[in-house]
Amino acid sequence: MITEEILNKIKLIGEKMLIRKNDFFVKENFICDHIGVVESGSLYSYFEDSDCKIIVNELYAKDCIVTSYRSFLTEIPSPASIKAYADTVIHVISREKYNELIMDKQWLELFKSISDQLFINKCFKETSLIKLNAKDRYLELISVRKNIEQDFPQHLIASYLKIRPETLSRLKSLDIRQDK
């Protein structure tokens with residue numbers, strides 16, 4: 001988990017950016033030139049398949065690091081779009097500012113910590129998709145991200161979990177009945 005100290009440092013130095021609901025932080029095939037921390041609101045990263053169906057790759061809410069990291073680091077176009085689900089405030093650091101800051105050992109260590117966390121998150125998600133069934137993926141998600149169901153609608157959460165919304169609805173109703 002990204003520490004409070006790291007989040008606060010980025011919030012202090014980052015430029016505030018407001019992204020209105022349904023606007024983009026980055027569009028597919030454009031270069032992502034910012035990395036940021038979500039102060040409020042929510043966004044989601046998604047791909048479109050050949051049938052123009054949205055496949056959610058990541059969900060970002062308060063205190064999440066948001067970027068198309070591969071695009072940010074390599075300056076190649078982003079393979080995914082990141083779109084605001086709700087009006088969102090992000091503290092962003094531009095690539096230019098990032099390149100200045102990494103000359104300072106303290107900031108280099110901070111960005112390494114962010115990079116490590118992004119990599120670990122990706123590994124956990126990949127492992128859960130391979131090893132866990134739909135119910136266990138859902139239970140893991142809501143245990144790690146307590147407010148996920150308040151921040152995002154069911155169809156985005158279902159896509160993130162790689163299940164149909166109807167399946168997620170059934171899983172949720174089964175859990176409610178089992179708890180009684």
Regarding residue 66, is this residue in contact with a strand residue (DSSP E or B) (Cβ under 7 Å, 6 or more places away or on another chain) and either farther than 18 Å from residue 36 by Cα or open to solvent by 20 Å² or more (accessible area, probe 1.4 Å) (or both)?
no
Name the one entry in 86, 134 that is under 22 Å from residue 42 (Cα atoms) and either modelled with pLDDT under 95 or of a type in the set (Gly, Ala, Ser) (or both).
86
Within the stretch 69-79, residues open to solvent by less than 10 Å² (accessible area, probe 1.4 Å) and either in contact with a helix residue (DSSP H, G or I) (Cβ under 9 Å, 6 or more places away or on another chain) or in a strand (DSSP E or B) (or both) come out as 72, 78
Mind checking which residues of the stretch 13-38 are within 17 Å of residue 97 (Cβ to Cβ), modelled with pLDDT of 95 or more, touching a strand residue (DSSP E or B) at 6+ places or on another chain (Cβ under 8 Å) and open to solvent by 40 Å² or more (accessible area, probe 1.4 Å)?
15, 16, 17, 33, 34
Just to be sure, is residue 171 within 21 Å of residue 67 (Cα to Cα), open to solvent by less than 50 Å² (accessible area, probe 1.4 Å) and touching a residue at least 24 places away in the same chain (Cβ under 8 Å)?
no
Taking the stretch 36-62, which residues are of a type in the set (Asp, Glu) and within 10 Å of the chain's Cα centre (by Cα)?
58
Quick one: which residue in 10, 2, 90, 82 is assigned to a helix (DSSP H, G or I), closer than 27 Å to residue 142 by Cα and either of a type in the set (S, T, N, Q) or open to solvent by less than 50 Å² (accessible area, probe 1.4 Å) (or both)?
10
Filter the stretch 96-151 down to the residues that are within 23 Å of residue 55 (Cβ to Cβ), over 16 Å from the mean Cα position of the chain (by Cα) and open to solvent by 100 Å² or more (accessible area, probe 1.4 Å) and list them by number.
130, 131
What are the pairs with Cβ atoms under 9 angstrom where one residue, in the stretch 8-29, is at positive phi and among the β-branched types (Val, Ile, Thr) and the other, located anywhere, is surrounded by 13 or more Cβ atoms within 10 Å (Cβ to Cβ) and part of a helix (DSSP H, G or I)? Sequence gap at least six, or different chains.
none
Exactly one condition in (1) open to solvent by less than 80 Å² (accessible area, probe 1.4 Å); (2) in a helix (DSSP H, G or I); (3) closer than 28 Å to residue 5 by Cα is not met by residue 157; state its number.
(3)
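The values are calculated or read from the model by the stated rules, or taken from the named source; none is laboratory data. These figures come from a predicted structure and were not determined experimentally. Please note: Cβ atoms are built from the backbone with ideal geometry, for glycine as well, and neighbour counts cover all protein chains shown. Areas reflect the complete protein model, heavy atoms only, side chains present, ligands, DNA and RNA absent. Shrake-Rupley method; radii C 1.70, N 1.55, O 1.52, S 1.80 Å.
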